[in-house]
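The values are calculated or read from the model by the stated rules, or taken from the named source; none is laboratory data. Please read all numbers here as calculations on a predicted model, not as lab measurements. Cβ coordinates were reconstructed from backbone atoms using ideal geometry, including for glycine residues, and neighbour counts include every protein chain displayed.
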């Protein structure tokens, strides 16, 4: 079994998400915060401000006039779009490389992360959790951050993991835990703690495959789990581990969702896919 401390020490190889990226999420969900509060927060980070203005002035948005300030950007594109752009910009670098062990090509983990975040947000908006959509979007985006570090340990132990999955009926995350000593959910939660994420975000990352039955009653975690399922149904994230996770049908019932609802989300995501993929090239 791998030394768990060696795995956790790998967190230091990641580029930490700028504090403003998580602070803006909290402000966006605070009913007492204003556009000025959010604008001021972003403006105090020169790097994020410069990146944001560059993206807003790109051909992707095709705005009729130049965006010259964060306040301008919020006015023209809306708060939701700006929050998402800041979060995407703050997390992209960690996901771009090809992670060992999971059979994903360069950029595929990032592609899956962004689509998962989009699907999770759509589910939140359409099924009673619109007030938590920024949290759910962020959790969808970061749920697999543990894979970025875990990949090389999975690669080293893949044959043993594969035996448990295909011969013993383990799910992939159960096999990771058994062979390596922790799984990518647990490692993702450790990343969240080190980067001072809120407790809710850490909880969702830690439980996004819903192996613990108690978390299946948590609506935010349920939507991120379902977003992951939707992306795999669409063929995103179906790498070496992609189809080796458990599907808990009762989660749909507890969220008052049907298979038809998931099909609608798949159709919606398919319609927007090209636009989402173009956005990936900007951040």
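Brief remarks on what is shown
- When each of 49, 22, 2 is tested for being touching a residue at least 12 places away in the same chain (Cβ under 8 Å), touching a helix residue (DSSP H, G or I) at 6+ places or on another chain (Cβ under 6 Å) and assigned to a helix (DSSP H, G or I), the lone residue that passes is 49.
- Odd one out for residue 84 among (1) within 25 Å of residue 139 (Cα to Cα); (2) loosely packed, with under 13 Cβ neighbours inside 10 Å; (3) out of contact with any helix residue (DSSP H, G or I) (no Cβ under 6 Å at 6 or more places or on another chain): (2)
- Among the residues of the stretch 207-233, those identified as out of contact with any helix residue (DSSP H, G or I) (no Cβ under 6 Å at 6 or more places or on another chain) and farther than 13 Å from residue 123 by Cα are 211, 212, 213, 214, 217, 218, 232, 233.
- Residue 134 vs. criteria assigned to a helix (DSSP H, G or I), touching a helix residue (DSSP H, G or I) at 6+ places or on another chain (Cβ under 6 Å) and surrounded by fewer than 24 Cβ atoms within 10 Å (Cβ to Cβ): yes
- A single member of 119, 86, 114 is under 28 Å from residue 54 (Cα atoms), more than 12 Å from the chain's Cα centre (by Cα) and modelled with pLDDT of 90 or more, and it is 86.
- Any pair with Cβ under 6 angstrom, 6 or more apart, that starts in the stretch 248-260 at a residue that is modelled with pLDDT of 90 or more and ends at one that is assigned to a helix (DSSP H, G or I): 251/216; 251/222; 255/222
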